[in-house]
Amino acid sequence: MFDPGPAAEVGYTATEDGRWTLRFVRDLRHSPQRVWRMLTEPGELARWAPFTADRDLGHPGPATLSMIDGEAVVPLPAEVRAAEAPRLLEYTWGDDLLRWELGAAGDATRLTLWHTMADRGMVSKIAAGWHQCVRVMELGLDGTPHPPVRGRDALNYGWADLEERYRKTLES
């Protein structure tokens with residue numbers, strides 16, 4: 001049974017160019033250095049993220065992030081814009097922009113993801129997806145790994161309930 005863990009702190013704002021930015025915040029019991037490796041190293045990303053990376057994301061420059069949905073793999077161009085270990089990682093993923101901020105809180109990390117997208121209707125859906133992915137990351141960090149939850153498979157792990165919960169939170 002997949003335990004989705006606690007809800008993230010979420011919000012969203014409009015950007016000056018007419019896009020939308022989700023703010024997704026989770027507190028993790030692990031150091032920023034350990035979380036940084038999960039966000040940047042291809043082998044670690046493959047354990048939890050909705051994509052695989054063709055290289056270490058800890059350095060600026062072009063990359064390919066391949067989105068996975070069952071047997072389907074869709075490569076998308078990416079550009080790492082900022083990589084300041086272990087506190088800031090920013091990259092494009094197709095047309096989206098992801099900015100990960102890692103704040104130290106003793107031996108723990110406050111993880112803040114800013115995900116900018118074109119469609120406001122996707123905000124709660126993306127929040128639910130990141131919730132599942134970050135939970136799988138957290139389980140791996142805790143030493144109780146769970147296979148990645150990606151694509152349509154997310155429906156088997158409570159994605160619809162999470163999406164509804166985040167939609168209600170974001171509408172209030």
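The values are calculated or read from the model by the stated rules, or taken from the named source; none is laboratory data. The structure displayed is predicted, hence computed values, not measured ones. Note: ideal-geometry Cβ built from the backbone for every residue, glycine included; neighbour counts use all protein chains shown.
Odds and ends about this structure:
- Among the residues of the stretch 104-125, the ones that are assigned to a loop (DSSP other than H, G, I, E, B) and either closer than 16 Å to Val25 by Cβ or among the charged types (D, E, K, R) (or both) come to 2 in all.
- Test result for Trp20, at pLDDT 95 or above, among the aromatic types (Phe, Trp, Tyr) and more than 21 Å from Met117 (Cα to Cα): no
- Selection within the stretch 42-55 - closer than 18 Å to His131 by Cα, crowded, with 21+ Cβ neighbours inside 10 Å and aliphatic (A, V, I, L, M): Leu45, Ala49
- Number of positions in the stretch 153-172 that are surrounded by 15 or more Cβ atoms within 10 Å (Cβ to Cβ) and not charged (D, E, K, R): 8
- Some residue of the stretch 18-41 being surrounded by 13 or more Cβ atoms within 10 Å (Cβ to Cβ), among the polar types (S, T, N, Q), out of contact with any Ser or Thr (no Cβ under 7 Å at 6 or more places or on another chain) and free of Cβ contacts under 8 Å to residues at least 40 places away in the same chain: no
- Across the stretch 126-152, the number of residues qualifying as part of a helix (DSSP H, G or I) and more than 12 Å from the chain's Cα centre (by Cα) comes to 5.
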